[in-house]
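One structure below.
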Amino acid sequence: MTYKLIALDLDGTLLNKNKSISAENVKWIRAAGRAGMKITLATGRPISDVTSIVEQLEIDCPLVINNGSEVWHAPGDLHSRRELSPHSVAKLFELLESNREELDFWAHTVGGRINRSNVPADVTTAQWLQFAIRSSDPEQLRTVRERIVSWKMFEISNSHVTNMECNAPGVTKASGLLEVCSIIGIEMSQVIAIGDSLNDIPMIRAAGLGVAMGNAQEPVKQAADRIAPTNLEDGVAKVIEQVLLS
């Protein structure tokens, strides 16, 4: 199989503990580019967080943002957007209010980040892209997740074991990556997808080569075709090196 696109998660995958990209990862990403492969980012972060990374890596491929809620041709050039329904977000706020002491949250909207300090007076007026609930109590988080799953209003994943992330139904990194493939004219079988958290599982399963980081959550490893070294061991670079030299 000739791979033509590498899709990279950020936190826990491409980024190290300092939230930066190692020189080794940069070296092999650029080597992949010289070999004719494209690089994209597939992240739960908003577009404002990835602009500097796009510039650093000289990425010239559409981007999967907010777990697939948005696909951007490039920062400043939106291709598509899938928002959460205002009614579903209002239900989340009702749940949070009844568990105010146990739960925290953050969210991404078209207008920017939302947390407890800047909740709109009328939450139905914002354009919600992604909503995450966070708790340091695993049992509390499990109970809340089960309740929200029962509503059947969201695509639910996580980017860390202490949170759960809600996107619109059917919206995943895989759905976003499929749009990217359509734009650049390749098949998902020609994609290498690398990640570490539950929000990466759909694209890891859908890609031609799905890779879990050595630090990935166990369900991610079970879904993957290959396990890489950890993000602190330049796992992304090691995967690219193996592919280019094989």
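The values are calculated or read from the model by the stated rules, or taken from the named source; none is laboratory data. Quick caveat, the model's predicted, so the values are computed rather than measured. Every residue, glycine as well, gets a Cβ built from its backbone with ideal geometry; the counts of neighbours run over all protein chains shown. Ligands, DNA and RNA are excluded from the accessible area calculation, which covers all protein heavy atoms including side chains. Shrake-Rupley method; radii C 1.70, N 1.55, O 1.52, S 1.80 Å.
The accessible surface of the chain, taken with every protein chain in place and a 1.4 Å probe, is 48 percent carbon and sulfur. Helix 173-184 axis versus longest C-alpha principal axis of the chain: approximately 50°, rounded to the nearest ten. Sequence neighbours fewer than 8 away in the same chain don't count; with that in mind, list the lysines whose C-alpha is under 18 Å from Lys19. Lys19 reaches Lys27. A 1.4 Å probe run over the chain, with the rest of the protein chains in place, finds 45 Å² accessible per residue. Charge dipole (Cα centre; +1 on Lys/Arg Cβ, -1 on Asp/Glu Cβ; no other charges) of segment 1-60 amounts to roughly 180 debye. Under 5 Å from the amide H of Asn158 lie the amide H atoms of Glu165, Leu198, Asn199, each residue being 5 or more positions distant or on a separate chain, with H modelled from the backbone and absent for Pro and chain starts.
Within the chain, all pairs of alpha-carbon atoms sorted by distance into 5 Å bins from zero give the percentages 1, 7, 15, 18, 20, 16, 11, 7, 4, 1, 0, 0. Using the alpha-carbon atoms, what tilt in degrees (0 to 90, nearest 10) does helix 47-57 show relative to the longest principal axis of the chain? The angle comes out at about 10 degrees. The HN-Hα couplings worked out from phi for segment 5-22 by the Karplus form 6.51 cos²θ - 1.76 cosθ + 1.60 (θ = phi - 60°) are 9, 10, 9, 10, 5, 9, 5, x, 10, 6, 8, 8, 5, 8, 6, 10, 9, 5 Hz, whole numbers, x standing for Gly and Pro.
Along the chain, the exposed loop sites are trypsin sites (Lys or Arg not before Pro) outside DSSP states H, G, I, E and B with at most 11 other Cβ atoms within 10 Å, and the longest stretch free of them is 153-246. For segment 110-127, the Karplus equation 6.51 cos²θ - 1.76 cosθ + 1.60, evaluated at θ = phi - 60°, returns couplings of 4, x, x, 6, 10, 9, 4, 7, 9, 5, x, 4, 10, 5, 6, 8, 8, 9 Hz by residue, with Gly and Pro reported as x. P(r) tail, segment 123-246: Cα-Cα pairs separated by more than 22 Å, 43% of all pairs. Report, in degrees rounded to the nearest 10, the 0 to 90 angle that the Cα long axis of helix 23-34 makes with the longest principal axis of the chain. On a 0 to 90 degree scale, this one is about 70.
Excluding the site residues themselves, the longest part of the chain lacking any GluC sites (Glu not before Pro) in a DSSP loop with at most 13 other Cβ atoms within 10 Å is 102-186.
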